[in-house]
Every structure is written in C-alpha cells, then in structure tokens.
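Remarks on the structure that follows.
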Amino acid sequence: MSKEVVLSLGLTTIVGLSMGLGSILSFFIKETNKRFLAIALSFSAGIMIYVSFMAILPEGMELIESYFGEQGGHLVALAGFFGGMLITAIVEKLVHKFGGHYHGHDDHHHEHGHHHDQNGEHLSKLGIMSAVAIAIHNLPEGLAIFTAGLKDISVAVPIAAAVILHNIPLSIAISVPIYYSTGSKRKAFLYSLFVGLCQPFGAIIGYLILSRFFNDLVFGILFSIVAGIMIFVSLDELLPSSQRYEDHHISVYGAIAGMIVMALSMSIFHHHH
C-alpha cells in the first residue's frame, strides 16, 4: 500500500472514531446544549459549503478538463455535482420512508421526566433509525475524505475537520435516544462507534472497487459528486438542524464563521500544483 493510501485511510479512520467521542460527550452534556449544537452544526455546514464551491468542485472541473476540454469539463463536473445531490436526496427519501425522521428529535427527551415508559420504544427505534441513516450517509463521506486524500492530502484535511465537527452532533443524535431508551451507555457508545466506522469502511470498499479505475477523470467526477453531496447535506440537514435553536441567526453566523475559518486555512495551506 502506498503512503497516500495509508495517510488517507488514517485520516478517514480518525474521522470515523470521532463519532465515539461525540457519544462520550453526550453522557456529560446533561442538558444537550442547544446553542453549542446549533453553532457546531452550522459551522460545519459553512465549512462544507465553502470547501465544496471553492476547492472541491473547481478541482473536479480542472481534473475533468484535461479529458473533455474546458466546456465539456464543466458540463461533466456539473452533471456529477447535481448527480451527487440527486443521489443524496434519493437516499434520504428512502431512509425516511423506512425509518421516520431522525433529526431534531433530540430536542425533546430532556423535557419530560418519563422517558422509559411510553417513550422508551419510540426512542430506541429512533436511535437505531438515526444510526442506520447516519451510517448510510457516512459511507460516501468516508470515501470523499479518502479519495481527496489520495489526490491531495491538503484538500482532505479541511473536509475531515468539517466531517468531525458534524459527526459529533450526529453521534449525539444516536447516543441520546439509545441511552435514554435502554439506560445503557455502553450500547449507545457502541452504536455510535459502529456508525463512525462506516467512514473508513466506505473508504476501503470504494477503494477496492475504484482503485483499478483511478485516473484524473475518475477523481474529477468523484470530486464533483462529493461537492454535490456536501452541499446537499449542509442545506438539507446541517442548517435546518441548527436552526431549531431559538435564534435562527446563530446558525447563519455559525455558517459564516465556518466559511471564514475555511477561507483563512485555505489561504494559509494553499499549494500551487
């Protein structure tokens, strides 16, 4: 295995393990601190949106251009970009169809004291559905970080940072319901960890399937698709979840802060190919 593969896989695994960290945190945050969640979610949305439009999509276009020329390259990249959104939208629809809604439920278990009786079953189903849904949406993210890292580790690090940031609240969305419904911290932690490990798992599967096809064209298309997935996830999940906090402006400020941080870190780490 080459150095890039090892580095990328390492990065993806660290990102996956951050789900376990979020789960542990959720046991200490008695009252899920909504303002913190709102900021963390929107901050990572800002990072992902900025990075998608400013780095990943342009890089995808550039890679595809060498095959199809400038105009063709743009068209193929944009097809990948909107295709990535479409795929994500379909996956979300399927997940909701089979498992109800998995966001925004962590708002209300702290309010009532009677978790275990009528709420227990609903909550454990909710936690498990969240786990399944988030596991599915972790697979392409794992692949994204991994392929980005193979091509260029400095693009992968900011993506990894954004994914870690949104892994933490996502893992809280899994842990809290499972913990409340089963009373078992171990179970809640293991579920979160398992879901997190879908990231390196997605990377490995993707690598095994795609490695023989890896060339700039495949990378360019993957980058475009990843940008679409990240924009969709940001608009569909991260921002709406963060706006459940009382003052929705907080999530706008969080997103802008994420963009600023990303802009600064990109200009510091900027590398010329």
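The values are calculated or read from the model by the stated rules, or taken from the named source; none is laboratory data. The structure displayed is predicted, hence computed values, not measured ones. Here Cβ is always computed from backbone atoms with ideal geometry, including for glycine, and neighbour counts include all displayed protein chains. What goes into the accessible areas is simple: the full protein's heavy atoms, side chains included, and nothing from ligands, DNA or RNA. Shrake-Rupley method; radii C 1.70, N 1.55, O 1.52, S 1.80 Å.
Things worth noting here:
- Inter-residue pairs, beta-carbon under 8 Å, first of a type in the set (Phe, Trp, Tyr) and in the stretch 34-51, second part of a helix (DSSP H, G or I) and open to solvent by 20 Å² or more (accessible area, probe 1.4 Å), 6+ apart: Phe43/Leu165; Phe43/Ala257; Phe43/Val261; Tyr50/Met259; Tyr50/Ala263
- For the stretch 172-226, a residue qualifies if it is of a type in the set (Ser, Thr, Tyr) and surrounded by fewer than 16 Cβ atoms within 10 Å (Cβ to Cβ), and the qualifying residues are Ser184, Ser211.
- Residue list for the stretch 188-203, restricted to those being touching a helix residue (DSSP H, G or I) at 6+ places or on another chain (Cβ under 6 Å) and part of a helix (DSSP H, G or I): Ala188, Phe189, Tyr191, Ser192, Leu193, Val195, Gly196, Cys198, Gln199, Pro200, Gly202, Ala203
- Looking across the stretch 55-78, the residues that are among the hydrophobic types (A, V, I, L, M, F, W, C) and surrounded by 15 or more Cβ atoms within 10 Å (Cβ to Cβ) come down to Ala55, Ile56, Leu57, Met61, Leu63, Ile64, Phe68, Val76, Ala77, Leu78.
- Residue check for Ser42: modelled with pLDDT under 80, crowded, with 20+ Cβ neighbours inside 10 Å and not in a loop (DSSP other than H, G, I, E, B): no
- Any hit, the stretch 232-248, residues being within 16 Å of Ile145 (Cβ to Cβ), surrounded by 17 or more Cβ atoms within 10 Å (Cβ to Cβ) and not small (Gly, Ala, Ser): yes
- Where Arg244 falls short, out of the listed (1) among the basic types (Lys, Arg); (2) closer than 15 Å to Ala40 by Cβ; (3) assigned to a helix (DSSP H, G or I): (3)
- Qualifying residues in the stretch 197-244 (those that are closer than 18 Å to Ala161 by Cα and β-branched (Val, Ile, Thr)) - the one modelled with the highest pLDDT: Ile231
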